[in-house]
Structure formats: structure tokens, C-alpha cells
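The values are calculated or read from the model by the stated rules, or taken from the named source; none is laboratory data. Note that this is a predicted model, so its numbers are computed, not measured. All Cβ positions, even for glycine, are placed from backbone atoms using ideal geometry, and neighbour counts span all protein chains on display.
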Amino acid sequence: MAKAGVFDLSDKAHIPTGTINAIVAMYQTALSKALGRGSAALTQLILRDITEIADEMFKALNIELGTSTENIAEEVKHAFKVMGISERVEVEVPKEVNEVGSVYVIKVYDSVFKPVALLLEKKNITFTLSPESFIAAYVIRKALRQRNEKANVRISVEPMRSPDEPLVIKVTVR
């Protein structure tokens, strides 16, 4: 059993993706019911603090992400692959990677979380807690902060209407 407050790999539990999807859907539904349209603003606030927390957690897992400022697209693709979230990810990198207003477009085709995005769209619930968007934003923000320690990002997720479409995430430099 894991020690209280310790994030490590001592527990080797494997949770089925359906269970994880149900948990993500529950959190998103609760957040949307409690905050309505304000849930998107809360997501942006969470993102501000996520890098330090994620760094600690990933370090415990021996995962190093967002270390290269030279090839951010490959860093994002690697993150999805190493975490087992998706094998097919496309990343469109803006011409000016660290310029305010620049937008990274990430298309995730085979995410384990795709069923959540589709379900929430059917229920007219905006998917502001997309695990894919947090991972993409984390990697991009961390890489950008190596050049500019004040670099920040904003995330948005386009609604999914079909299982054939990719999940489209936009990460905007702020």
C-alpha cells in the first residue's frame, strides 16, 4: 500500500482505461456542474501550478519531459507515447515558438481518453480537464521556460463530434 503523501511506483496496480475514463468524466461533470462556464477559467489556474507538481510526480516515475527547446513537437509526441496515452500524435509548431500569441496545435488520434471526450460532447459538457491537454501544455510550458522563465501558456480543447476525428488541443503562448 502506498504511503500517505508519497508518490512512487511501489504499488503496481494497473487500472483499466475504462475506469480511468469514468473517473475523468466524473471530475469533469462535477466541475462543470459546480462552476458552469467558469470551469474553463479554473483549468487555466490549475495549469499555472501544474509544472512543479508534475515534475515531482514524473521524477518519481523516472520520466523526464520537456527538456528540449529545440524540438518541442518530438517532446510532446514522446510524452504521449511514454505515458501510454497515444501512439499517433501530430504537433504543429508555430514559426515563433516563444512569442506571445503563438499557437501550438496538437492532434491526438488514438488517445485512451478519447471515449471521455466523445461522451462529454454528447452530454454538452465542455471538456476542460482533458488529460491530453494538460500533458501537452506541461511539456510545452516546461520547454519554453528553459528559454524564458516567465513563459506561460493557455489551453483549449475543441469539442469532439466523431470517433474518426482527432482530439484537437491548442496551446497558446502567453
Go through (1) more than 19 Å from Val168 (Cα to Cα); (2) touching a helix residue (DSSP H, G or I) at 6+ places or on another chain (Cβ under 6 Å); (3) surrounded by fewer than 18 Cβ atoms within 10 Å (Cβ to Cβ) and name the single condition Arg37 misses.
-> (2)
Residues of the stretch 136-174 being among the hydrophobic types (A, V, I, L, M, F, W, C) and without any contact (Cβ under 8 Å) to a residue 60 or more places away in the chain, which ones?
-> Ala151, Val157, Met160
Is it the case that some residue within the stretch 122-133 is of a type in the set (S, T, N, Q) and at positive phi?
-> yes
Residue, nearest to Arg147 (Cα to Cα), within the stretch 34-82, restricted to residues that are under 14 Å from the mean Cα position of the chain (by Cα) and outside any helix (DSSP H, G or I) = Gly66
Which one of the conditions (1) buried (at least 21 other Cβ atoms within 10 Å of the Cβ); (2) closer than 15 Å to Asn21 by Cβ; (3) under 16 Å from the mean Cα position of the chain (by Cα) does Pro115 fail to meet, given that it meets all the rest?
-> (1)
Residue ID - modelled with the highest pLDDT, chosen from residues in the stretch 96-106 that are over 14 Å from Ser133 (Cα atoms) and either surrounded by 14 or more Cβ atoms within 10 Å (Cβ to Cβ) or touching a Pro at 6+ places or on another chain (Cβ under 6 Å) (or both) = Ser102
Residue identified as among the aliphatic types (A, V, I, L, M) and without any contact (Cβ under 8 Å) to a residue 12 or more places away in the chain among Ile72, Ile85, Ile63, Ile53 = Ile53
Would you check if there is a residue in the stretch 84-95 being under 14 Å from the mean Cα position of the chain (by Cα), surrounded by 13 or more Cβ atoms within 10 Å (Cβ to Cβ) and of a type in the set (Lys, Arg)?
-> no
